[in-house]
1. Run the dipole for the chain about the Cα centre, Lys and Arg Cβ at +1, Asp and Glu Cβ at -1, nothing else charged, and hand back the magnitude in debye, nearest 20.
2. Distance between the C-alpha centers of the range 308-363 and the range 239-253? Whole Å please.
3. Suppose R0 equals 41 Å; then what is the FRET efficiency for His175 and Asp132 from their Cβ-Cβ distance, rounded to the nearest 0.05?
4. Taking every DSSP beta bridge with both residues inside the chain, roughly what % is antiparallel (nearest 5)?
5. Provide the gained length on full extension for the span Lys206 to Asp386, in nm with one decimal, where the gain is 0.36 nm per separating residue minus the Cα-Cα distance.
6. What's the angle, to the nearest 10 degrees (0 to 90), between helix 219-248's Cα axis and the longest principal axis of the chain?
7. If you rank Thr127, Thr273 by fewest surrounding Cβ atoms within 10 Å, what's the result?
8. In terms of Cα to Cα distance under 18 Å, which lysines are near enough to Lys196, apart from those fewer than 8 places away along the same chain?
Amino acid sequence: MAKSSNIVARTGNEAMAEAMRQINPDVVAAYPITPATEIVQIFAGYVADGVVDTEFVPVESEHSAMSACIGSSAAGGRTMTATSSQGLALMAEMLYIAAGLRLPIVMADVNRALSSPINIHCDHSDTMMVRDSGWIQLFSENSQEAYDNMIQAVRIAEAARLPVVVTTDGFIISHGMERIEMLDDDAVQKFIGSYKPEYYLLNFDKPITVGAIDLQDYYFEHKRQQVEAMRKSKDIITGVAGQFAVLAGRAYNLFEEYRMADAELAIVAMGSTAGTTKVVIDELRENGIRAGLLKPRLFRPFPKEEMAGALKGVKAIAVMDRSDAMNGHEGPLCLEVKAALFDASDSSDKILLNYIYGLGGREIRLDDIRAVFNDLSGSIKGKSIDKVNYLGVRE
């Protein structure tokens, strides 16, 4: 049974700021960048008004923001931040350090295109740029998921001793007003619990070294430990989701399956596009077409065995990438799905198409999704379809 909750109207940015308020971290260090500025701007207001006990650190750049977060987290503080696009790019050097030091920092990233050309609207190129930095990556379809993922991310990060980034789609979610159900403040505090790190710089009874040089003797072993921690985090993520479902009455997993039980045609899509896809699937189902959606929530670590199992009975799959791998043939999500199916020996009899779409905020419309399902339907009837397609671009 769900705990007491409050139904409110919030944008994605407001929802994430509200989650941060309820979490009440020890430190938030941040630098403003569109379209994520509002998250820390709203939170800074909470700090100024004495609503939270957080030490807010305004810095001179995103690189400095993550550097301050690393120092705070290493000292034993529960630490959060937010950024987007070029800000995430400027943080990139420090993201690897945060992950390598196994620091449970939680970051909100509002997905936005990377320059050049200059663009402030949504695609996933920023998150994909740092997909191998060692951060757990959670994608959100809407403001409710953004709120819920932020709360769960704290538990995940601290249990796995790994940093977590929670993403939303810029402007589509970040500035779009939606109905969400917020938990009571006390319920959130009870769910996340107090933070008691095992190792931290200010524990003088157990002194540790942080940031030591690590050459041929041990670097390889330490990276291998990091990889193993990522792999084991899947169980932590599902465990936290199960406890959250008891608390909030909203179930999460590594991915969502929408009308997949008997699907012959399926789209794999992350973020806000999943909602558009669900509308089209419902239409197709009314016409007897067995369409479904697999929506990854977790992109890193990539749940390849589980996703391959979910796609086992599907004849034709379209993977939607809101970023391009720049001549890596398919987009980054498609490459992961293809590898998962290949490793499961379940790719030889499937049709797998890739659609690069929505770059720089280009709209993805119902007709676009209908066209993708038409391609899938045609492909299983023998129609020749390009393996990689640029959906909605003026060729």
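1. Around 780 debye, computed over the chain.
2. About 28 Å separates the Cα centre of the range 308-363 from the one of the range 239-253.
3. 0.90
4. Here the antiparallel bridges make up roughly 25 percent for the chain.
5. Extending this stretch completely gives an extra 58.9 nm.
6. 80 degrees
7. Thr273, Thr127
8. Within the straight-line limit of under 18 Å, Lys196 reaches these lysines: Lys206.
Only the coordinates and a few stated rules stand behind these numbers; no lab work does. From a predicted model like this one, the values you see are computed outputs, not experimental measurements. Here the Cβ is made from the backbone with ideal geometry for all residues, glycine too, and neighbour counts use every protein chain on show.
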